[in-house]
Amino acid sequence: MVSVERLTVDFGGHILLDEISFLINDKDKIALVGKNGAGKTTLLRLLASEMLPTSGNIYKPKDFTIGYLPQHLVVNDAKTVFEECLTAFEKIFKLKEKISELEKEIAERTDYETSDFQQLIEKLDYENEHLRMFGFQNIEAETEKTLLGLGFVRKDFERNTSEFSGGWRMRIELAKILLQNPDLLLLDEPTNHLDIESILWLENFLANSRSAVVLVSHDKRFIDNATSRTIEISLGKIYDYKVNYSKYLALRAERREQQLRAYENQQKMIADTEDFIERFRYKATKAVQVQSRIKQLEKLQRIEIDEEDTSRLNLKFPPAPHSGVLPVDIEQLTKKYGEHVVLENISLQVKRGEKIAFAGRNGEGKTTLVKCIMGEVDFFGRLQLGHNVKIGYFAQNQASLLDAQKTVFQTIDDIAVGEIRTKIRNILGAFMFSGSDIEKKAAVLSGGEKSRLAMIKLLLEPVNLLILDEPTNHLDIPSKNILKEAVKNFTGTAIMVSHDREFLDGLVDKVYEFADKKVTEHIGGIEDFLNAKKISSIQEIELRVKMQKVDNQEVSDNKLSYKEQKELQKKQHKQGKLIAQAEEKISAFEQELAEMEKQFADGNTDAELTQKYKKIKRLLEQKIYEWELLCTEI
């Protein structure tokens, strides 16, 4: 179907891809794997024709269609969610117009016996067959089904796309790509902004799709369930395994072992040859043999091996200071933002040593409860932290709390104590900081790099209550393994908000489910929770979780009297004004931060400026959260 032949990408002398060749067949489900920087995103962009290779070719059939979801995208904000998704069917709409015009022309003509009329009939048959090939009999129903599967509710359909956060906009773009039903789907980290239910829906969709799929993801369980072939990029070459990710790991371990043996044998042969050359370089009787050995080394194809796998690095949290029996005790807690109730009369107790997951759809209050525990927001009810509780908190905005003027190495060196000081470079390497990266200042790091640095910092601080809010979003699989093992061996208490089933599997022993302003306790691991909820299939996700909730809301809305509807419109108008005010404030905060970042870039290290920057950053995040709640409420 798609043939990649001798593809090479050379960035300023650094060969990223070195004459790679492979085929993508009909309905292939391929996981593209490799270390960060190996070239995975570059290969996706090449397949999507978004960049050109240095040499080599990619051959595709005529009229071949590709849907590409990059990690970062620009979306159109001029339409509602539903209208934007319907743009995926542009070709179908044009085809229907063409068919309608042909039918109209046929109805108006009376020259039934002429060859022109027969040609029109044949053309109409051809276009109707072409339309049937798209496979969608009911475009609106298919759009609705896809949006519900990705976590939207029906009242979202008529909201403007500009009202949604970046993560939800990415879901809109993903919905459009899936609805296009292309011959080849290229997905770069599609699960980063999805909750567990939406990930389950997507993996089921991809596994049963007629499209071929090439995807990059750090979610091991997701790629295991959605793909059946694994292509690894390593040192510019590719290794093609006709198995899923778990089986690939076993085969790769065998290949690496063989690679190491071959490398060691070659290194011994090189050392012996160089020793012979050095010993007999100046003996006339050995001149011919010496020259022969020199030529042999020059022609030798040197074996390369991957850098040492740092995922085996044994990293542990410092011993947890002793805390009270109940590190967190919550009774009848209610949290509102204005009139919007997020959590209502919830009660729960977290016991010392427990590993707990907060699960549920996005927007159900998981992060809000974490902020209540951290004392970042006000609430009604009782929330008490136990005796001597020391919290280690990794928030989704944790990166903004780093000292912008410290280098990566300094940030960790300042808190590392004891034996760990000798392993700082190894630890940084395990979290994808190597070479000159460790001398970069935090101010110039990307969002993902800042998150990883904040995670390392947390790993080295002595605490007894860990709170991790989506800790794996910017970690690759080896880094996640390190974090998972560290949390597993942590002697204190841990609360995790995460959509990553593979990360939570075998790590947590209790799940608190957030839904409809309430919190429900489930004893057991994440798989026990999913099995108990019976949400492993698309039907359960769509019908039981979303449809019932949304339909109940719509039935309620339809019963409103005319007076009540007018009152509702007034409230919506007022809410619209609040949204506009919030947007103005967000814009002002962003401009203020940009001006301060310019001062940082110019070398300003003033402590007062740094404190002000952190304060404005926190205010901006709070205002964005309020804006999202206002949009949801309206």
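The values are calculated or read from the model by the stated rules, or taken from the named source; none is laboratory data. Worth saying up front: this structure is predicted, and the values here are computed from it rather than measured. Cβ placement follows ideal geometry from the backbone for every residue including glycine, while neighbour counts extend to all protein chains displayed. These accessible areas exclude ligands, DNA and RNA; they are computed on the full protein's heavy atoms, side chains included. Shrake-Rupley method; radii C 1.70, N 1.55, O 1.52, S 1.80 Å.
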Item to complete: Please state the charge dipole magnitude for the chain, taken about the Cα centre, from unit charges on C-beta atoms (+1 on K and R, -1 on D and E), reported in debye and rounded to the nearest 20.
Response: 2000
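Can you give the calculated 222 nm mean residue ellipticity of the chain, where each DSSP H run of n ≥ 4 adds -39,500 (n - 2.57) and the sum is split over every residue, rounded to the nearest 500 deg cm²/dmol?
-14500 deg cm²/dmol
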Worksheet item: Projected area of segment 204-284, taken from the Cα convex hull and averaged over every viewing direction, in nm²?
Response: 7.8
Fill in: Full-extension gain in nm, VAL444 to ARG382, via 0.36 nm per residue minus C-alpha separation
18.2 nm
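Note down the magnitude of the dipole of segment 225-383 about its Cα centre, charges +1 on Lys and Arg C-beta and -1 on Asp and Glu C-beta and zero elsewhere, to the nearest 20 debye.
720
Pairs to check: LYS237/LYS299; LYS423/LYS617; LYS316/LYS371; LYS176/LYS623; LYS336/LYS577. Give those whose C-alpha atoms are more than 22 Å from each other in this structure. Could you put the intermediate results ahead of the total?
Numbers: LYS237/LYS299 20 Å; LYS423/LYS617 32 Å; LYS316/LYS371 26 Å; LYS176/LYS623 29 Å; LYS336/LYS577 20 Å.
Over 22 Å Cα-Cα: LYS423/LYS617; LYS316/LYS371; LYS176/LYS623.
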Practice prompt. Please work out the C-alpha center-to-center distance from segment 362-438 to segment 4-58 and express it in whole Å.
Written response: 36
Item to complete: Mind ranking ILE523, ILE427 by accessible surface for me, highest first, 1.4 Å probe?
Response: ILE523, ILE427
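Give me the accessible area per residue for segment 23-157, probe 1.4 Å, as a whole number in Å². Let's see the in-between values first.
Working: 7900 Å² over 135 residues.
Heavy-atom accessible area per residue stands at 59 Å².
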Item to complete: Among DSSP beta bridges whose residues both lie in the chain, state the antiparallel percentage, nearest 5.
Response: 50
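In whole percent, how big is the carbon plus sulfur part of the accessible area of the chain, probe 1.4 Å, protein atoms only?
Values: 15710 of 32610 Å².
Heavy-atom surface of the chain belonging to carbon and sulfur, 1.4 Å probe: 48 percent.
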Worksheet, complete the sentence: For Rg/Rh (Cα atoms, Kirkwood Rh), with candidates [x] 1.16; [y] 1.03; [z] 1.00, the value calculated from the shown model is option [y]
Fill in: Charge context of GLY524, other residues only, Cβ under 9 angstrom, K/R +1, D/E -1
-2
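Could you rank the peptides 199-211, 585-597 by their average count of other C-beta atoms within 10 Å per residue, with the highest value first?
So the order, starting with the most tightly packed, is 199-211, 585-597.
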Worksheet, complete the sentence: With every protein chain in place, the accessible area of GLU626 for a 1.4 Å probe, in Å² rounded to the nearest 10, comes to 60
Worksheet item: Arranged from highest to lowest average of other beta-carbon atoms within 10 Å per residue, in what order do the peptides 288-295, 112-119, 382-389, 215-222 appear?
Response: 215-222, 382-389, 288-295, 112-119
Worksheet entry | Solvent-accessible surface (1.4 angstrom probe) belonging to LYS517, in square angstrom, nearest 10 | 80
Worksheet, complete the sentence: Rg/Rh over Cα atoms for segment 373-432, Kirkwood Rh, comes to 1.10
Worksheet item: Looking at GLN180, ILE223, LEU44, which one has the Cα that reaches farthest to the positive end of the dipole of the chain (charges on Cβ: Lys, Arg +1; Asp, Glu -1)?
Response: ILE223
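What does the highest-first list of 273-279, 28-34, 478-484, 10-16 look like by mean Cβ count within 10 Å? Can you show the working numbers first?
Numbers: 273-279: 13.0, 28-34: 22.7, 478-484: 20.7, 10-16: 10.4.
So the order, starting with the most tightly packed, is 28-34, 478-484, 273-279, 10-16.
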Worksheet entry | Inter-centroid distance (Cα atoms) of segment 585-634 relative to segment 466-514, Å | 29
